[in-house]
Each structure stands twice: as C-alpha cells, then as structure tokens.
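The values are calculated or read from the model by the stated rules, or taken from the named source; none is laboratory data. Just so you know, these numbers come straight off a predicted model, no measurement behind them. Neighbour counts run over all protein chains shown; Cβ positions are idealised from the backbone, glycine included.
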Amino acid sequence: QFVSLRQRILSAVQKNATRGDPRSVIRAIDQFCSQKEWAMNVGNEKGCILDSVVSEVNPATVLELGTYCGYSTVRIASLLPPYAKFITLEFNPDFAAVARQVIAWAGLEDKVQLVEGASSDWIPKIKEQFGIKTFDLVFLDHWKEHYLSDTKLMEECGLLRKGSVLLADNVICPGAPDYVEYVRSSPRYKSHYFRSHLEYTKAEENLWYLGIIE
Ligand SMILES: O=C(NC/C=C/[C@H]1O[C@@H](n2cnc3cncnc32)[C@H](O)[C@@H]1O)c1cc([N+](=O)[O-])cc(O)c1O
Ligand SMILES: [Mg+2]
C-alpha cells in the first residue's frame, strides 16, 4: 500500500542509523533526501550553521516551531547542556508521530518535549505549562506566514528577553517577507543573515539570525 514520505524517512533512519547515535540519524536523513527524495528538513549545510548558533548561544531554554520529522530537533538536542529545556511544537499528528520515533532512535527523547498542537495555541501557555520564563533560542521553521504573528505573540507573552536569539529558516525560499520587513524595521532587533542554499539543492537561501537588543 502507499507509504508516505515521512514513513520512508523514518524507515531510512531505522535501517541506516545506529540507535542512540544522533549524528548517524542526521546522516541517514540527509543521504535519503539527497539521493532518493527531497524533503523539507533544514539539511546539512544550513544544519551546520544551526549547530554553530546553538553551540554559541549554549541555550538553557529552546523553542522550535515546526518539528516536521525531527531532523533539526535531533541536531539541536544533541548539542544542548544537560539542564536545558527544549520544547518543539508540531500540529500535524502524523509528522509528530514520525518525529517522536526519529528523536527516540537518536536516544534524545529525554532532552526534548514534543508538544502536539498549534504554535498560536501553545505559545500563550508555555510559561505556566512548562515553567519557562523566556527562551534563549527560538528556531522558526514552520509555515512561513506564521513567522511574524508567532514572533509578535512570543513578544506579547513575554517569552523573549534582551539577548534572546531567533533563527529563522527559509526567509528566501519559500520566503517570509513580512517577517523580514518587521524585524529589519524594529529597533528591538539586531539582525543578520547567513548565506546558504536551500536544503539538498543549489538554490540561494539564507538563515536569518535575530538578536534581541532591548
Ligand atoms: O514550507 C516549509 N516548511 C513548513 C513546515 C511546516 C511544518 O511545521 C508544522 N507547522 C506549521 N504551522 C504550525 C503551527 N504550529 C505547529 N506546527 C506547525 C507543519 O505541520 C510541518 O510539520 C518549507 C518549504 C521549503 N521549500 O523549499 O518549499 C523548504 C523549507 O525548509 C521549509 O521549511
Ligand atoms: Mg525550513
């Protein structure tokens, strides 16, 4: 019967990656997506930039918007200090189910809280539900038209502080023009971008780095 792409990604992990070895899980997904079928994981080129930002920020609290199959979740979780709190939000139950298994295969299920639900519903509940005051790092990789509304929502809910870092995927492709416009014209943010390429392709892409300065 029909096997979905997410199921094929999970099978590639279970077949080619070593349990408990996050790097082998990342490698298995990247090999599958570059050799067999494209999928919207952040990929290895942008993934290395993500790794360097996570290592530099060394965050005690992290929020990821849009888990998808858990590729970036595994990359981030594998670099966090033991005391860190990492929440990833995913509203599609099928993607959430695959992501849970990918995260578990990497042996990182204790480092991540995958919350099934919409960011707009959950962002206002995070403080009370998870005892988190502010986020040191937020990775935005969900629907691109939600980047701006969710960033404003995080501001309103007091989840961002001076020094918080927001990292946004896909500001060129598919693009998040309203988001880029907003953060570039706001005095609150110091922003710059990392030149890169769209995952598994040669297309120009940037990772958009935002530091909150006030
Ligand atoms: O469209 C892209 N990403 C959208 C990602 C969406 C993921 O975030 C979840 N989601 C959405 N709103 C949500 C709200 N709350 C929770 N999860 C949510 C969706 O269920 C999906 O798992 C994309 C597209 C390309 N591309 O080349 O076309 C490349 C990329 O790197 C991309 O990230
Ligand atoms: Mg993306």
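Listed values, structure above:
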| item | result |
| --- | --- |
| Test: ALA97 is within 26 Å of ILE132 (Cα to Cα), surrounded by fewer than 19 Cβ atoms within 10 Å (Cβ to Cβ) and within 13 Å of ligand 1 (Cβ to nearest atom) | yes |
| Helices (runs of 4 or more DSSP H) fully within region 71-148 counting 2 or more residues that are over 26 Å from PHE32 (Cα atoms) | 119-122, 126-130 |
| Top-ranked residue in region 149-195 [being among the charged types (D, E, K, R) and part of a strand (DSSP E or B); ranked as farthest from GLU45 (Cα to Cα)] | LYS190 |
| Where ILE49 falls short, out of the listed (1) touching an Asp or Glu at 6+ places or on another chain (Cβ under 7 Å); (2) within 15 Å of ligand 2 (Cβ to nearest atom) | (1) |
| Test: residue in region 174-181 that is touching a Phe, Trp or Tyr at 6+ places or on another chain (Cβ under 6 Å), without any contact (Cβ under 8 Å) to a residue 24 or more places away in the chain and surrounded by fewer than 20 Cβ atoms within 10 Å (Cβ to Cβ) | no |
| In region 14-27, the residues that are aliphatic (A, V, I, L, M) and surrounded by fewer than 23 Cβ atoms within 10 Å (Cβ to Cβ) | ALA17 |
| Residue in region 156-167 that is within 14 Å of ligand 1 (Cβ to nearest atom) and in contact (Cβ under 8 Å) with a residue 12 or more places away in the chain present | yes |
| Failed condition for GLU90, given (1) buried (at least 23 other Cβ atoms within 10 Å of the Cβ); (2) touching a residue at least 40 places away in the same chain (Cβ under 8 Å) | (2) |
| Within region 176-199, considering residues that are among the polar types (S, T, N, Q) and at pLDDT 90 or above, the one nearest to ligand 2 (Cβ to nearest atom) | SER196 |
